[in-house]
Every structure is written in C-alpha cells, then in structure tokens.
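Novice: Before anything else, here's the structure in question.
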Amino acid sequence: MRRHGGYQETAASRIGQLMARAPFELAGTRIPPGSRAQIDVPVAKLYTHAPLHIPVEVVHGRQPGPTLLVCGAIHGDEINGVEIVRRMLRLASLSRLRGTLIAVPIVNVFGFVQQTRYLPDRRDLNRCFPGSEVGSLGSRVAALFREQIVDLATHIVDLHTGAIHRTNLPQVRAQLRDRPETQAMAEAFGVPVILNAELREGSLREYAQSRNVPVLTYEAGEALRFDEWAIAPGVRGVQRVMRLLGMLPADRRRHATASAEVANGSSWARSPIDGILRPRARLGARVARGDVLGRVADPFGNAEQEVLANADGIVIGMSNLPLANEGEALFHVARFDEIEEAENAVETFHSDFETGPGL
Ligand SMILES: [Zn+2]
C-alpha cells in the first residue's frame, strides 16, 4: 500500500523537507541527509605511538526519525555482534532509512586486537561508564565513546555473547518495569527469551537508562566464535526493532508474531566437585528442578557427582568447557511463570532457524 500522501507531495515541498533536515555530526564529520559515512574516531595511542580508532558508520536518512546506536564487542572477544553489524550495514532497505543509524562494530578495539574481553589495564569496559576524561584507560575510553557516540543516540541495541567457553541461547536483556518502549523493543526483537535483568553498575545499559534512553542487550552464542544461529536472529532482531521505531518500512510479508517470554529470574547450576564435566542438558532444553544437567567426575571416573537443576526452567546458557572446579557456573537456568509458553517460544524460534544451537 502506498504511504498516505506519499505521491501527492509537490517537488517544492519535498525539497523543502530535504533542506530542513540537518546534517548529522559525529566526531567532527558532517553527514548530509540521504548519505552515509565511515568515521574513525580516535580513541588513544598504543604505547608504540600507533594511533587506534573506534570504527563507526553513520547512515543518515533523508527523513527524520530516531537515532539508533547498534554496537558490538564492548567486550573485545564477543565477535558475533561484529558480524551482525556488518550484515546490517549491507541491507538494501537502509536506502529508505528514516532517522539515523550509528553502527559501531567494535567498541573495545584494544580487547578485539588482543582477542580478550578486557582492556589492556585489565578493566571491563562495560563496568567503566560513565567514565572520565582524566581517569585510567578504561574510564577514558568509556568517556570518549559516551561523549562522541552514545550521547547522540535516542535508542540503543548493545550486542554481546557469552563469555569465553560459555554460550548463550539468543536472549534479550532489558529492564522492563515502567518502560513500555523498552518492553516493546524487547518483544519486537523476536528471540524466545527476555531476561528482565538488573543493571550492572558501570554498564552502558545502566548509563543509557539513567538518561531514559531505551536500551536492549542482545546476548547470543559464544565469545571468539561466529555462531550463525546467534548472528542471523540478531540481524533480524535489529531490523524488527527498526521497523517498530518507524526507521524501516514495514515488512510486506506476513510473519507470525514472534513469541517471547519474559523470565522472572535465573540462576546457575554449579559444579559440585572439581573434575571433568559430561553435559547432558542442551541449550534451550526445558528442565525440572532436580533434573540431572550433567555429571562431573575425576579423570578415572571415580567420585562422580551429578549437576542438578535448582529450578524448573529453560537452559539459556551453559559452559562449553568440560573442565570444572567446584562451584563453577555450568548451566544457566531461567525461570518462567508460563514455562509451557517459554518452551513453545524456544521451539518456534529453532524451527525458524535451520541451524539451531544443537537441537
Ligand atoms: Zn559481553
């Protein structure tokens, strides 16, 4: 269907609209409406004196709309998000973008080069916000990213994966209470699980929310991997959020509404002893309290003990490393009021993506 009035506009009024839309400015670069630009934002020098930049691409639509920041690798080894951003930027539909997309494939460029979550000062960048221009490296990088990039955004999607040797079922984390727009974005994203997660102090999410900027964290797959079953839903999820916000034209194909269930809590089942894990539960599995999720034994198979589910729920994260010390978090189980619905949401999701996470 044609947009109401879309073809009745006179050439003059359309030119008028174009004139009215201001260029977008990021780190001193001006991007005219209807154009895009790649900008290297200087971040700091290495000790070698070699300069380092945060790579940014801005797509500034002809028509006004929200300014969405999509960023990956704030933890330097979480690279699924880097690929999500690359695919986003190649979408043909961006030529009809309303508003502005700020795409940052790699925020923690130091950690990315070193293939580590952290910064060279061993700080976690996602615990350094809002940061300070006169602080240590982590604090300075946070302050620079915030001032030059984050503060321009009206909406944010922050892309993450599980930590090293840990994998996550595709899930959105957000604080939903009294935040209808955030909740609508989380539901639109279209992955089966939404974790109504508490804010971590110093995180980008905490900072954005303190400014009333709706923000989602997408968590999927494992650090230092490209997991197709985590990347494809991420690309689709960001597009769905952009359609919800009116940044992309509505999809003409009819899709069943993605079902997502909000978890009302989660907890980790931990290793009862030091030893070698043989996992039994799989990512996305429904489990009941007391179910055996895996077994841990010494290398001879002596002193074997079971890892038990401590709640009814869905396995939304697990360790991929079969070596565990006592107390190590092995299986992340989310609890739901409507467990059947959550199980159905996971099954529907897997049938949408052929290469599901081992299911
Ligand atoms: Zn992360």
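Novice: Within the range 147-158, is even one residue within 15 Å of the ligand (Cβ to nearest atom), over 26 Å from Ala27 (Cα atoms) and either among the charged types (D, E, K, R) or at pLDDT below 95 (or both)?
Specialist: Looking only at the range 147-158, we keep the residues that are within 15 Å of the ligand (Cβ to nearest atom), and these are 156-158.
This time we only want the ones that are over 26 Å from Ala27 (Cα atoms), so: none.
Looking for residues that are within 15 Å of the ligand (Cβ to nearest atom), over 26 Å from Ala27 (Cα atoms) and either among the charged types (D, E, K, R) or at pLDDT below 95 (or both), one finds none in the range 147-158, hence no.
Novice: Give me the residue from the range 216-258 that is open to solvent by 20 Å² or more (accessible area, probe 1.4 Å) and in contact with a Pro (Cβ under 7 Å, 6 or more places away or on another chain) and, out of that set, nearest to the ligand (Cβ to nearest atom).
Specialist: Among residues in the range 216-258 that are open to solvent by 20 Å² or more (accessible area, probe 1.4 Å) and in contact with a Pro (Cβ under 7 Å, 6 or more places away or on another chain), the one nearest to the ligand (Cβ to nearest atom) is Trp229.
Novice: How many residues does the range 140-149 contain that are under 15 Å from Glu206 (Cα atoms) and either free of Cβ contacts under 8 Å to residues at least 24 places away in the same chain or hydrophobic (A, V, I, L, M, F, W, C) (or both)?
Specialist: Residues meeting the conditions: 3.
Novice: Could you check, for the range 296-307, whether at least one of its residues is modelled with pLDDT of 95 or more, within 25 Å of His350 (Cα to Cα) and either polar (S, T, N, Q) or under 29 Å from the mean Cα position of the chain (by Cα) (or both)?
Specialist: Checking the range 296-307: not a single residue is modelled with pLDDT of 95 or more, within 25 Å of His350 (Cα to Cα) and either polar (S, T, N, Q) or under 29 Å from the mean Cα position of the chain (by Cα) (or both).
Novice: Tell me, which residue of the range 163-198 that is touching a Lys or Arg at 6+ places or on another chain (Cβ under 9 Å) and within 14 Å of the ligand (Cβ to nearest atom) is modelled with the lowest pLDDT?
Specialist: Selected residue: Ala197.
Novice: Just a yes or no: is a residue in the range 22-32 assigned to a strand (DSSP E or B), surrounded by 15 or more Cβ atoms within 10 Å (Cβ to Cβ), of a type outside the set (D, E, K, R) and modelled with pLDDT under 95?
Specialist: no
Novice: Output the residues belonging to the range 39-68 that are touching an Asp or Glu at 6+ places or on another chain (Cβ under 8 Å) and closer than 25 Å to Gly202 by Cβ.
Specialist: The answer is His53, Ile54, Pro55, Val56.
Novice: Just a yes or no: is a residue in the range 151-162 over 15 Å from Ala44 (Cα atoms), part of a loop (DSSP other than H, G, I, E, B) and more than 17 Å from the chain's Cα centre (by Cα)?
Specialist: Among the residues of the range 151-162, not one is over 15 Å from Ala44 (Cα atoms), part of a loop (DSSP other than H, G, I, E, B) and more than 17 Å from the chain's Cα centre (by Cα), which makes the answer no.
Novice: Being modelled with pLDDT under 60 and among the basic types (Lys, Arg) is the filter; apply it to the range 1-21 and report the residue that is nearest to Leu144 (Cα to Cα).
Specialist: Per the stated criteria, the residue is Arg3.
The values are calculated or read from the model by the stated rules, or taken from the named source; none is laboratory data. All figures in this text were calculated on a predicted structure; none of them were measured in a lab. For neighbour counting, all protein chains shown are included, and Cβ atoms are generated from backbone atoms with ideal geometry for every residue, glycine included. Heads up: the accessible areas ignore ligands, DNA and RNA and are worked out on the full protein's heavy atoms, side chains in. Shrake-Rupley method; radii C 1.70, N 1.55, O 1.52, S 1.80 Å.
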